[in-house]
Amino acid sequence: MNYQEANVLITVIAAGDNRSTDDRSVEYWRDMLSDISFEDALEAVVIHRREFTEWMQPAHVRRIVKQRRNLRGAASNVIYEPDAADSVELDIRKRRALMRRAADGQLGVQPVGLALAVPAVQAALPEAVASCIEAVRTARRPLDVRCPYCHAGPGIACRATKSAPQGFMHPARREAYASGAAEEVS
């Protein structure tokens, strides 16, 4: 993120909380978010403003951007086929570059069937297998609903203490998912 982009970002943030937008604050935000793209940072500000009322900090932007990048990377179903002639170091660099492109949203979603080596022709599949694939493709998960307890939005992990196990989800979110009353990811 460059100075002009940081200036626009802090101006958007200031519109919500009336903070000062002097040169020092712009430089601070630019330095704190130098490795984050302007588009991702702006999207994180919008998400934060829709869901939280607390004073926005660069750590909030970083957390939301990290979650969004992880979701984009997971949703793209990255398929990497190593080249036997490549060294281990080159193979690792290629794999990381591919994952970075997926997280940046440059790859688009790859078909799950391709990642699972399922034939592209669905008609050749037995009906039971095709229906299972369709069920997995359209399945709704508890993470797809807003948490009524911590108000984490759809697709964003529940906020919990550091001692909570990885992947922790509030029981209220599971109940909202089971009842089908909460909003879905659009």
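The values are calculated or read from the model by the stated rules, or taken from the named source; none is laboratory data. None of the values given here were measured: they were computed from a predicted structure. Every residue, glycine among them, receives a Cβ derived from its backbone with ideal geometry; neighbour counts consider all protein chains shown.
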| Across the stretch 55-87, which residue is nearest to Leu9 (Cα to Cα) among those that are aliphatic (A, V, I, L, M), loosely packed, with under 13 Cβ neighbours inside 10 Å and at pLDDT below 85? | Ala74
| Lone unmet requirement of (1) closer than 20 Å to Lys66 by Cβ; (2) modelled with pLDDT of 65 or more; (3) not in a helix (DSSP H, G or I) for Tyr149 | (1)
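Yes/no per residue for (1) closer than 18 Å to Arg100 by Cα; (2) out of contact with any Lys or Arg (no Cβ under 6 Å at 6 or more places or on another chain); (3) polar (S, T, N, Q):
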residue: Asp17; (1), (2), (3): no, yes, no
residue: Ser20; (1), (2), (3): no, yes, yes
residue: Asp23; (1), (2), (3): no, yes, no
residue: Glu39; (1), (2), (3): yes, yes, no
residue: Leu42; (1), (2), (3): no, yes, no
residue: Glu51; (1), (2), (3): no, yes, no
residue: Trp55; (1), (2), (3): no, yes, no
residue: Ala59; (1), (2), (3): no, yes, no
residue: Arg62; (1), (2), (3): yes, yes, no
| task | Would you check if Asp31 is exposed (fewer than 13 other Cβ atoms within 10 Å of the Cβ), of a type outside the set (A, V, I, L, M) and closer than 15 Å to Val61 by Cα? | result | yes
| field | Options Val45, Val8; residue that is farther than 21 Å from Gly153 by Cα and not polar (S, T, N, Q) | value | Val8
| query | Based on what the data block shows, is Ala44 surrounded by 14 or more Cβ atoms within 10 Å (Cβ to Cβ) and not assigned by TED's automatic domain parsing to the domain that holds Ala152? | reply | yes
| query | Mind checking which pairs have a first residue in the stretch 156-170 that is not assigned by TED's automatic domain parsing to the domain that holds Ile64 and a second that is modelled with pLDDT under 80 and outside any loop (DSSP other than H, G, I, E, B), Cβ under 7 Å, 6 or more apart or different chains? | reply | Met169/Pro142
